[in-house]
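Notes to accompany the following structure.
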Amino acid sequence: MSSATDSRAGTQRAVVGAGKRRAVVGAIAAAGLASAALLSAQGQLTLPGLESLELLGRFFSHALRPALDYGSPFVPVGAPPLLLQVATATWRTVQLAVAAMSLAVPVALLLGFAGASAWWRLPGPGGRAVLRRLGPLVYAPARVVMTLARSVHELLWALLFLAAVGLSDTAAVLAIAIPYAGTLGKVFSEMIDEAPRDAAVQLTGSGATAAQAFSLALLPRALPDMAAYTFYRFECALRSAAVLGFFGPETLGKFIRLAWNESLYAELWTYLYALFALIAVSDMASRALRQRFLGETPAR
Amino acid sequence: MVGPSGAGKTTLLRSCNGTVPAAAGGVAINGRLLSDVGERELRRTRSELAFIPQDLALVPELRVVANVLAGGFGRGGLLTALRALLKPRRADTQRAFELLQRVGVGDKLYQRSDKLSGGEQQRVAVARALFAGPRLLLADEPVASVDPERARDTLELLLDLAREQGFALLVSLHNLELARGLFGRLLGLRRGRLLFDCAPAELGDDELEALYALDPSEDEQRD
């Protein structure tokens with residue numbers, strides 16, 4: 001009797017679920033069509049003309065023949081050989097990204113711990129009452145700071161610095177470090193809060209304090225994800241460092257812009273390939289490091 | 001402690017160390033109600049209780065030794081926890097090794113806990129429970145997920161340890177046969193109420209039937 005009711009209720013739920021899914025997919029499709037219609041009505045969604053197609057063709061035709069030396073006759077006097085230039089720009093990109101991350105990660109760890117609710121909402125004795133009262137006073141400001149820091153994109157920070165003091169290398173590092181600290185901190189805090197709490201509850205049940213449970217039963221569970229995310233953000237920092245070159249610092253972006261401005265597509269591709277290689281190498285390095293220190297299986 | 005699913009076995013065990021507050025009545029340990037004692041005393045009381053939950057609740061990313069040492073955190077501060085994680089004291093490691101040896105997985109001391117089989121992890125959880133030298137060990141369905149032969153071994157191990165180290169043992173079990181064969185005192189729980197509390201020999205067929213009988217009126221209520 002009761003099982004029959006259950007299965008009927010289950011079928012109904014499944015039907016409702018399918019209906020809801022259809023509604024969501026339909027709504028997304030409708031929104032897409034509506035915005036396309038809106039854009040073309042305002043004349044913003046024009047098909048590319050012949051001229052720009054030609055430009056694209058010229059650009060991609062050089063993909064398989066990147067320059068190994070300067071192709072243009074107008075090489076400044078005293079310019080280093082092209083490949084050395086590429087290597088230097090790549091190295092500058094790495095330096096900028098490393099500098100930005102080495103500022104962003106410690107700040108993000110502090111903000112992430114403060115902005116997690118696990119350390120003051122964990123059950124268990126040991127200064128619990130004090131933590132409960134203190135928690136919101138630390139938690140709320142930390143979340144506000146993280147939100148402020150990451151709501152402005154690194155390009156906007158860069159433009160701000162550019163207007164204020166000119167985009168020196170220091171300013172470029174800060175432009176990346178500020179929003180990255182906000183993003184990393186937010187994700188860290190969520191990873192800590194989402195770690196399974198069974199072991200933490202178990203420990204407090206046998207007399208451990210909330211602080212002990214936090215550091216031994218929650219942090220180790222969040223750490224592999226936090227490390228993986230940090231490596232991913234490092235990759236993003238490499239890209240951001242390259243792009244900030246458009247505004248001055250001598251990273252890959254600066255030379256990509258110069259090559260593009262002068263239609264030197266072969267050289268452009270050389271710099272692009274350097275960027276690809278940089279991202280690929282950082283990906284391999286992060287995987288090797290995670291396997292070595294966090295005992296992750298190669299499958300991940 | 002035996003009874004059908006939903007009888008309240010886990011809730012009762014968890015209320016014994018105060019992780020689930022008693023909705024009615026109370027739990028007294030050493031003559032003091034858990035709901036009356038302050039945080040400091042609750043912590044000291046808890047450090048004399050060990051609890052093995054059904055899902056074991058090991059920290060899978062940590063080495064076995066750190067998980068075993070976690071059983072002794074009731075008598076230390078944050079520093080004790082960090083030491084267990086990074087550089088355990090030699091004496092503690094030695095004790096952890098001896099306990100693991102006693103339960104049969106001494107060679108796993110430095111392995112990552114999630115690399116162990118289910119049965120091995122269970123033994124690590126037993127070693128963790130014993131680390132602080134408890135006066136009462138609460139075990140929630142310790143044999144729910146192991147095969148019948150292993151089940152008997154595990155329960156016998158717990159009973160042997162209880163005799164050796166002189167602690168009381170309260171175990172919740174699904175399997176009535178195992179409970180009758182191995183334990184000296186049976187508590188029958190059904191829908192949050194105690195049906196019987198007696199030695200296995202005194203247990204009559206009527207009580208058993210009442211314990212596991214399907215009651216249609218109760219199912220109606222649940223719907």
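Right, A:I192: within 14 Å of another protein chain (Cβ to nearest Cβ), assigned to a helix (DSSP H, G or I) and of a type in the set (A, V, I, L, M) or not?
The answer is yes for A:I192.
Among the residues in segment B:21-36, are any more than 18 Å from A:S215 (Cβ to Cβ) and in contact with a Lys or Arg (Cβ under 7 Å, 6 or more places away or on another chain)?
Among the residues of segment B:21-36, not one is more than 18 Å from A:S215 (Cβ to Cβ) and in contact with a Lys or Arg (Cβ under 7 Å, 6 or more places away or on another chain), which makes the answer no.
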Review point. Hey, any hits in segment A:41-59 for a residue that's at pLDDT 85 or above, in a helix (DSSP H, G or I), under 30 Å from the mean Cα position of the chain (by Cα) and not acidic (D, E)?
Key: no
Review point. Does B:A84 count as in contact with a strand residue (DSSP E or B) (Cβ under 6 Å, 6 or more places away or on another chain), surrounded by 20 or more Cβ atoms within 10 Å (Cβ to Cβ) and not polar (S, T, N, Q)?
Key: no
**Study point:** Test: residue in segment B:52-65 that is in contact with a strand residue (DSSP E or B) (Cβ under 7 Å, 6 or more places away or on another chain) and within 22 Å of B:G166 (Cα to Cα)
**Key:** yes
Revision key, fill the gap. The residue that is nearest to the chain's Cα centre (by Cα), considering only those in segment A:239-251 that are surrounded by 24 or more Cβ atoms within 10 Å (Cβ to Cβ) and part of a helix (DSSP H, G or I), is A:S240
Review point. Does A:A288 meet the test of being crowded, with 18+ Cβ neighbours inside 10 Å and either part of a loop (DSSP other than H, G, I, E, B) or among the aliphatic types (A, V, I, L, M) (or both)?
Key: no
Practice item. Could you pull out the residue among B:K108, B:K9 that is more than 10 Å from chain A (Cβ to nearest Cβ) and under 30 Å from B:L208 (Cα atoms)? Key: B:K9
Review point. Of everything in segment B:18-51 that's loosely packed, with under 11 Cβ neighbours inside 10 Å and either aromatic (F, W, Y) or within 19 Å of B:A168 (Cα to Cα) (or both), which residue is nearest to the other protein chains (Cβ to nearest Cβ)?
Key: B:N30
Point to revise | Which numbered condition B:R150 misses (of (1) of a type in the set (D, E, K, R); (2) within 19 Å of B:L13 (Cα to Cα); (3) surrounded by 14 or more Cβ atoms within 10 Å (Cβ to Cβ)) | key: (2)
Practice item. Return a yes/no flag: does segment A:220-233 have any residue that is touching a residue at least 24 places away in the same chain (Cβ under 8 Å) and within 30 Å of B:L13 (Cβ to Cβ). Key: yes
Check your understanding: Exactly one of (1) surrounded by 18 or more Cβ atoms within 10 Å (Cβ to Cβ); (2) within 30 Å of A:D193 (Cβ to Cβ) is unmet by A:A274. Its number?
Key -> (2)
**Study point:** Near pairs, Cβ below 9 angstrom, 6+ apart or cross-chain, from segment A:189-218 (within 21 Å of A:Y229 (Cβ to Cβ) and in the same structural domain as A:G112 (by TED's automatic domain parsing)) to any residue that is part of a loop (DSSP other than H, G, I, E, B) and polar (S, T, N, Q)
**Key:** A:S189/A:S117; A:I192/A:S117; A:D193/A:S117
Practice item. Say whether the condition of being modelled with pLDDT under 90, under 30 Å from A:L64 (Cβ atoms), in the same structural domain as A:V187 (by TED's automatic domain parsing) and out of contact with any helix residue (DSSP H, G or I) (no Cβ under 6 Å at 6 or more places or on another chain) is met by at least one residue in segment A:239-259. Key: yes
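The values are calculated or read from the model by the stated rules, or taken from the named source; none is laboratory data. These numbers come from a predicted model, not from an experiment. A quick note on method: Cβ atoms are made from the backbone with ideal geometry, for glycine too, and the neighbour counts reach across all protein chains shown.
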